[in-house]
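Working notes, beginning with the structure itself.
The values are calculated or read from the model by the stated rules, or taken from the named source; none is laboratory data. Owing to the predicted nature of the structure, the values given are computational and were not obtained by experimental measurement. Quick reminder, even Gly has a Cβ in these numbers, built from the backbone with ideal geometry, and neighbours come from all protein chains shown.
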Amino acid sequence: DAMVIQNPRYQVTQFGKPVTLSCSQTLNHNVMYWYQQKSSQAPKLLFHYYDKDFNNEADTPDNFQSRRPNTSFCFLDIRSPGLGDAAMYLCATSRGGTGPNQPQHFGDGTRLSIL
Amino acid sequence: LAKTTQPISMDSYEGQEVNITCSHNNIATNDYITWYQQFPSQGPRFIIQGYKTKVTNEVASLFIPADRKSSTLSLPRVSLSDTAVYYCLVGDNYGGSQGNLIFGKGTKLSVKP
C-alpha cells in the first residue's frame, strides 16, 4: 500500500552527536513536512519542501536541517542534539497546489531519545 | 494565522454520539477546516475536511455555520477504539511558507465502556 514510512521507529543518540532521521513515501506527493511532537503536546511544524523548494518555519532552531534528494525521500538532520530535542519526529506528505488544504498523510514517527 | 481553540478533553460512553467543537474566530476567506485523529505512538490521520455547511463521510460529519467561526466534528456511535486526540486545523493551500498549518492543543477524547 502507498504510504509514508519512517525508519527507524526508535532512535537513540548521545548528547551532541549528529543524528539523521529518514522518511520515504510512495504517494508521489510533492510536499513533504517534518514535525516535532513532544510528550502530550501537539505536532509543531519545523519545515517543509514543496518539490525542491525548502520552507523553514521562523522558530525552527538552526540545529535542525533537512534534505530532500528526490521526490520519495526526505531527511531530518539534527546537528548537535540537546536533551530538549528528545521527541517524536513526524514526517508527512501532501499534494501541492491551490485550493483546499490537501490532507496530509503522516508516518508513524521516529521517537528520538538523547542520552 | 487562524488560531483554533478546542476543549482539552471530553469523556463519552460507547454508542453515544460525540460532538467536538473548534473555535476559529479569525478564519480567512480561503481557509478550509480539517480534522485529524491521533492515537498514541502513531502519526495523525485525516478524518474530514470542509469549507462551509455540512460534510459527511464514512466516519464523521463536520458542521460549519454560516459565519465559519467555529466547526463541530460529530462522531456517531463511538466505540472504545475512538479514544484518541482530535485536532482541528484551519488553513489554505498546502500550508506554504506562512506556516498556517498549525496544530492546536487538540481534544483528548476518552470513550468508556
Item to complete: For segment A:37-54, enumerate the residues that are more than 10 Å from every other protein chain (Cβ to nearest Cβ), within 23 Å of residue B:36 (Cβ to Cβ) and surrounded by fewer than 17 Cβ atoms within 10 Å (Cβ to Cβ).
Response: A:38, A:39
Worksheet entry | Within segment B:29-83, considering residues that are touching a residue at least 40 places away in the same chain (Cβ under 8 Å) and on the phi > 0 side of the Ramachandran plot, the one nearest to the other protein chains (Cβ to nearest Cβ) | B:68
Practice prompt. Any residue in segment A:6-32 that's closer than 12 Å to residue A:113 by Cβ: show its pairings with residues that are aromatic (Phe, Trp, Tyr) at Cβ separation under 9 Å, as long as the two are six or more apart or on different chains.
Written response: A:11/A:89
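Kindly indicate which of A:71, A:93 is buried (at least 18 other Cβ atoms within 10 Å of the Cβ) and under 28 Å from residue B:35 (Cβ atoms).
On the way: A:71 fails: buried (at least 18 other Cβ atoms within 10 Å of the Cβ).
Residue meeting the stated conditions: A:93.
Mind checking which residues of segment A:1-18 are within 18 Å of residue A:69 (Cβ to Cβ) and either within 14 Å of chain B (Cβ to nearest Cβ) or in a strand (DSSP E or B) (or both)? Break it down stepwise before answering.
Keep residues of segment A:1-18 that are within 18 Å of residue A:69 (Cβ to Cβ), which gives A:4-7, A:18.
Passing the criteria: A:4, A:5, A:6, A:7.
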Worksheet item: Within segment A:74-90, how many residues are out of contact with any Gly (no Cβ under 7 Å at 6 or more places or on another chain) and either of a type in the set (Phe, Trp, Tyr) or surrounded by fewer than 16 Cβ atoms within 10 Å (Cβ to Cβ) (or both)?
Response: 6
Worksheet item: Give me the pairs: first residue in segment A:46-62 and within 16 Å of residue B:103 (Cβ to Cβ), second residue outside any loop (DSSP other than H, G, I, E, B) and among the polar types (S, T, N, Q), beta-carbon distance under 7 Å, and six or more apart or on different chains, which are they?
Response: A:46/A:36; A:47/A:55; A:47/A:56; A:47/A:66; A:48/A:55
Item to complete: Name every residue in segment B:72-93 that is more than 12 Å from residue B:40 (Cα to Cα) and among the hydrophobic types (A, V, I, L, M, F, W, C), in order of residue number.
Response: B:73, B:75, B:78, B:80, B:88, B:89, B:90
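Among the residues of segment A:55-62, are any modelled with pLDDT of 95 or more and more than 9 Å from chain B (Cβ to nearest Cβ)?
Narrowing segment A:55-62 to residues modelled with pLDDT of 95 or more: none.
No.
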Worksheet entry | Some residue of segment B:91-111 being assigned to a strand (DSSP E or B), modelled with pLDDT under 95 and within 10 Å of chain A (Cβ to nearest Cβ) | yes
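Table: residues versus (1) within 15 Å of the chain's Cα centre (by Cα); (2) at pLDDT below 95.
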{"site": "A:17", "(1), (2)": "no, no"}
{"site": "A:30", "(1), (2)": "yes, yes"}
{"site": "A:64", "(1), (2)": "yes, no"}
{"site": "A:76", "(1), (2)": "yes, no"}
{"site": "A:102", "(1), (2)": "no, yes"}
{"site": "A:114", "(1), (2)": "no, no"}
